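Heads up, the thing below is written out as structure tokens.
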Amino acid sequence: MARMFLVARVSTYRRLARELVGADDLVIELGASEGRCTRVLARRAGRVIAVEKTSAGCAKTRAAVARFGNVALLCQDAFDLKPVLDLTRRADAVFVDIGGSAPAWQTMRLARNYLSMFRPRVLVMRNTRLTSFVSSLEWAEPTPSHHYWSQPEQAD
């Protein structure tokens, strides 16, 4: 089971990128935005696959990582796993920041899909709404297994 982290602040997200990624790691980053965290990951990891949906974000990320030879940038929706699967069948870490205030279900769905498909040892998610909800809980009952997170999403 992956070590999973949920954060609200960009600074914490980038700090975890520096702390949890090693030189031999293959990292998938979902939501590259302007490429700031992509640069952090590129300096630390052996290989980075960055995914960004918006054309403006793709252009900025492309410029931000132009000097790094270990970054593959996919300008597409992260929910389409096929182009990522064409590049790799595994990942050591997955970083998800599709907009800190994106609906929580989107972050959770991506996390589940990428966990089940790539089996990373580390998953870092940034979502302010989800973090706010989880941190406001007085208590959460531990589940007997993490089975939900290890299975691909089934179509309804």
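For this structure, a couple of remarks:
- Residue match in region 13-25 (condition: among the basic types (Lys, Arg) and not in a helix (DSSP H, G or I)): no
- Scanning region 13-33 for residues that are over 16 Å from Gly46 (Cα atoms) and touching a residue at least 40 places away in the same chain (Cβ under 8 Å) gives Tyr13, Leu16, Leu30, Gly31, Ala32, Ser33.
- Check on Ser55, at pLDDT below 95 and farther than 23 Å from Ala2 by Cα: no
- For Leu41, the stated conditions hold: it is under 18 Å from Arg14 (Cα atoms), part of a helix (DSSP H, G or I), modelled with pLDDT of 95 or more and in contact with a helix residue (DSSP H, G or I) (Cβ under 7 Å, 6 or more places away or on another chain).
- Meets criteria (closer than 15 Å to Ala17 by Cα and touching a Lys or Arg at 6+ places or on another chain (Cβ under 9 Å)) for Val94: no
- Of all positions in region 37-46, none carries a residue that is over 17 Å from Asn70 (Cβ atoms), of a type in the set (S, T, N, Q) and either surrounded by 19 or more Cβ atoms within 10 Å (Cβ to Cβ) or touching a residue at least 24 places away in the same chain (Cβ under 8 Å) (or both).
- Considering residues of region 53-72 that are outside any loop (DSSP other than H, G, I, E, B) and basic (Lys, Arg) only, the residue nearest to Thr88 (Cα to Cα): Arg62
- Against the criterion of being among the acidic types (Asp, Glu) and in a loop (DSSP other than H, G, I, E, B), Asp86 does not qualify.
- Of residues in region 62-82 being closer than 23 Å to Gln106 by Cα and free of Cβ contacts under 8 Å to residues at least 12 places away in the same chain, the one surrounded by the fewest Cβ atoms within 10 Å (Cβ to Cβ): Lys82
- The condition (being modelled with pLDDT of 95 or more, part of a loop (DSSP other than H, G, I, E, B), under 15 Å from the mean Cα position of the chain (by Cα) and of a type in the set (A, V, I, L, M)) is satisfied by just one residue among Ala32, Ala50: Ala32.
The values are calculated or read from the model by the stated rules, or taken from the named source; none is laboratory data. From a predicted model like this one, the values you see are computed outputs, not experimental measurements. FYI the Cβ positions are ideal-geometry reconstructions off the backbone, even for glycines, and counts take in every protein chain you see.
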